1. Would any residue of region 180-198 have its amide N under 13 Å from a label point 7 Å out along Cα→Cβ of Ala241? List them or say none.
2. Run down the lysines and flag those whose C-alpha is under 18 Å from the C-alpha of Lys315, throwing out any fewer than 8 positions away in its chain.
3. Label Lys315 and Tyr454 with points 7 Å out from Cα along Cα→Cβ: what is the distance between them in nm?
4. Rounded to the nearest 500, what is the chain's calculated 222 nm mean residue ellipticity when only DSSP H runs of at least 4 contribute -39500 (n - 2.57) each, over all residues?
5. So what's the convex hull volume per residue for the Cα atoms of region 11-283, in Å³?
6. Note the full-extension length gain between Lys412 and Trp129 as 0.36 nm times their separation in residues minus their Cα-Cα distance, in nm to one decimal.
7. Over region 147-260, calculate the relative contact order: mean separation of alpha carbon pairs under 8 Å at least 6 apart, over the residue count, as a percent.
8. With unit charges on the beta carbons (Lys and Arg positive, Asp and Glu negative) and the dipole taken about the Cα centre of region 11-283, which residue among Ser219, Leu17, Ile110 sits farthest to the positive side?
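All of the numbers you see were taken from the coordinates with simple rules; none came from a lab. The model shown is predicted, which means the values in this text are computed figures rather than measured ones. Here the Cβ positions follow ideal geometry from the backbone for every residue, glycine too, while neighbour counts run over all protein chains shown.
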Amino acid sequence: MDNMNDNNRIYIFDTTLRDGEQSPGASLDQKGKLEIAKALAELRVDVIEAGFPITSPGDALAVKSIAREVKAPTICALARAVQKDMDIALDCLKPAAKPRLHVFIATSEIHRKFKLNKAKDEIVRIATWAVQYARDRVAEVEFSPEDASRTEPLFLYQVLESVIDAGATVLNIPDTVGYTTPFEFGNLIKGIFDHVPNIGKAIVSVHCHNDLGLAVANSLAAVKFGARQVECTVNGIGERAGNAALEEIVMALDTRKDIFGGKFTNIERSQICKTSRLVSSLTGMLVQANKAVVGRNAFTHESGIHQDGLLKLRKTYEIMRPEDVGFGETQLVLGKHSGRHALENRLAKLGHKLTEKELDHVFISFKALADKKKEVFDDDLVALVDKEIVTTPRIYALGYLSVLTASGKDPKVTLRLKFKGKTLTATGTGSGPVDAAYRMIDKMIKRRPRLLDYQIRSVTVGKDAQGEVTVKIQGDADEVMIGQGLSTDVIEASVKAYLDAINKMLHRSKLSGKDRAAHGV
Ligand code: KIV
Ligand code: ZN
């Protein structure tokens, strides 16, 4: 059914690949971005903001490849109200089936005075010129008055009226610093509808940050007062405390249709958990256990009274059904006697269609895991696919690891790495086995990245569960990289995670040289 003209339809504008990627420490390579964009298309978001092309040649290439390969959603690129930004973004959008240029300039007094050093009339002139320039080149133009929620309302109305006259098709109202509150933001949206005479010619959108933990509440208040597009990110990742979380917006509208007057999105809810997991895995931004909708504990009932109630009637304590968001029960699926075909079938059911080569690769790891672990669960398989479908070349790969520990003694680690067809070996100690292994690796790669963060979690249940280690490192050029490693042995998972981050760092520095050449910048 085509519901595009239904006034109750709320458009989901996903900015995981742009604002989400601005999360401190979340860096995605081009292949990872494309993989997320394809998952977002399966999730049926309406718009994918694929990047901010002027910021880096890598970002520009990612927008271009998403525009080329992902056809169902609108593909959007961000640009300042500056010709060079817009030209590069428009160039990247050329292959898109449904392109949109998103242009922004700050309008609040504090940004005008201290960031831009421009008077009000100059801001209006630049905004109008930029929207006209964009509209002459692309049919869909979104305009954002940055820091709108701290802009004098009368001036905001004036800017909005002018950019609509200049051809803006979507007006986005950002709460850039997460300062507003639901009543206030709802009133601002109402004020826009009441005071901007040509507002009917554009779609009103909102973009809320989570500095006070109100991003979702503010977005929903705006929907109540007529906003038709919500900008959000998977798992709520984004600049500082993040953006409004897509899964929370979608499920709030779905669960509370009664108070939102039947407003609905086109999101395929069963894809929510899978997409959340993919974004978490590729960005290295772990999802907290108590996170609404997608956290590990989101549907776990611990108290006896709750469990008793649930057994009598699920709705006593469950307002959403876990299966509706693809929150699959942990299932025993495969064991060491399972074949390649069974693995392929199970992965397809979990939403992973692999190429022959990828399947070969995952099958080898699956067999190794099934040898170590009696029971292989769905979550184990998903984690294996995430880790084994290599998005970064394995410049350094783990060949052999031996750890000798005894109470009161420093551990002794022997490590072999494969590098360009050679084997590098080192033996040494440290204040713990992970510290010792990381020191050995630093020696072998002749670099000393700074370890900014180290986290470990269990992928499934039981003593033989796989441990997933996530590390964040900083290289010589201050670049921050995330790496992940998976194994039933946590020391091995730690080594794999560190090597993964190092390989990404080396790959990125190699790529950026090529990217620059390709872009002539
Ligand atoms: O938060 C913000 O103001 C933004 C704009 C560029 C929309 O991200
Ligand atoms: Zn933002």
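1. Those under the cut-off are 180-182.
2. Counting by Cα, and skipping residues close in sequence, Lys315 has these lysines nearby: Lys257.
3. 5.0
4. The per-residue figure over the chain is -12500 deg cm²/dmol.
5. On the way: hull volume 30.6 nm³, N = 273.
Per residue, the Cα convex hull of region 11-283 comes to 112 Å³.
6. Numbers: separation 283, 0.36 × 283 = 101.88 nm, distance 6.62 nm.
Once the chain is fully extended between Lys412 and Trp129, it gains 95.3 nm.
7. Numbers: 195 pairs, mean separation 27.7, N = 114.
For region 147-260, the relative contact order is 24 percent.
8. Most positive-ward Cα: Leu17.
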